[in-house]
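The values are calculated or read from the model by the stated rules, or taken from the named source; none is laboratory data. Because the structure is a prediction, the values reported are computed rather than measured. Cβ atoms come from the backbone with ideal geometry, glycine included; neighbour counts cover every protein chain shown. Protein only, heavy atoms only, side chains kept; ligands, DNA and RNA dropped before computing areas. Shrake-Rupley method; radii C 1.70, N 1.55, O 1.52, S 1.80 Å.
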Amino acid sequence: MSEEKKEGKSRRELITMGSAFGLMGLAAAGAGGALFKYMMPVVSYGTPQKFLVPVKDLPDVGDELIFDDMKVILRRVDENKVAAISLVCTHLGCTVNVVETGFQCPCHGSQYDTDGIVVGGPAPKTLPWLEIKPVPGGQLEIDTGTALPEGTNFEIA
Ligand code: FES
């Protein structure tokens, strides 16, 4: 028997054990990283912004217009009324997709009806409805920093 073996474990056994513990550590770190990623927002909420939409570019009555870069959907309620709903998920801030039944978040599966009211998943509250103001020059200003009750419509004026 070699000198190494007399003292307990051979060098080979120690290296094997070290490798096994190293792999377990990596696996634990990977699992922890996946859990951390699940718990944290995958997108930034961003700074609230206001943006303009020309009245002449509004959708037809009953239609909607999506502003991907602003994460907003603009709804033409009737001839004189519009509404804007944020597409930022109230769970951790992913951008929700528009689906036939309303909105669905691709991150953790929250579901909202067509008014943005939560019908499933971890989202804690309704999608924010946004303030819309007429401004000079035949335009509407939509403020992504507001959060009004669902169903809030605005006169086009
Ligand atoms: S960010 Fe988690 S469900 Fe939307």
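Residue 109 versus (1) in a loop (DSSP other than H, G, I, E, B); (2) within 16 Å of the ligand (Cβ to nearest atom); (3) in contact (Cβ under 8 Å) with a residue 24 or more places away in the chain: which is the lone unmet condition?
(3)
Which ones in region 95-106 are within 15 Å of the ligand (Cβ to nearest atom) and among the polar types (S, T, N, Q)?
Of everything in region 95-106, those that are within 15 Å of the ligand (Cβ to nearest atom) and among the polar types (S, T, N, Q) turn out to be 95, 97, 104.
Taking the condition of being part of a strand (DSSP E or B), open to solvent by 30 Å² or more (accessible area, probe 1.4 Å) and within 12 Å of the ligand (Cβ to nearest atom), how many residues in region 118-133 meet it?
Qualifying residue count for the region: 1.
Tell me, yes or no, whether region 74-91 has at least one residue that is part of a strand (DSSP E or B), within 16 Å of the ligand (Cβ to nearest atom) and aliphatic (A, V, I, L, M).
yes
Restricting to region 134-157, count the residues that are exposed (fewer than 13 other Cβ atoms within 10 Å of the Cβ), among the charged types (D, E, K, R) and under 21 Å from residue 71 (Cβ atoms).
The total comes to 0.
Hey, could you check region 73-89 for residues that are within 18 Å of residue 111 (Cα to Cα) and touching a Pro at 6+ places or on another chain (Cβ under 8 Å) and say which is surrounded by the fewest Cβ atoms within 10 Å (Cβ to Cβ)?
88
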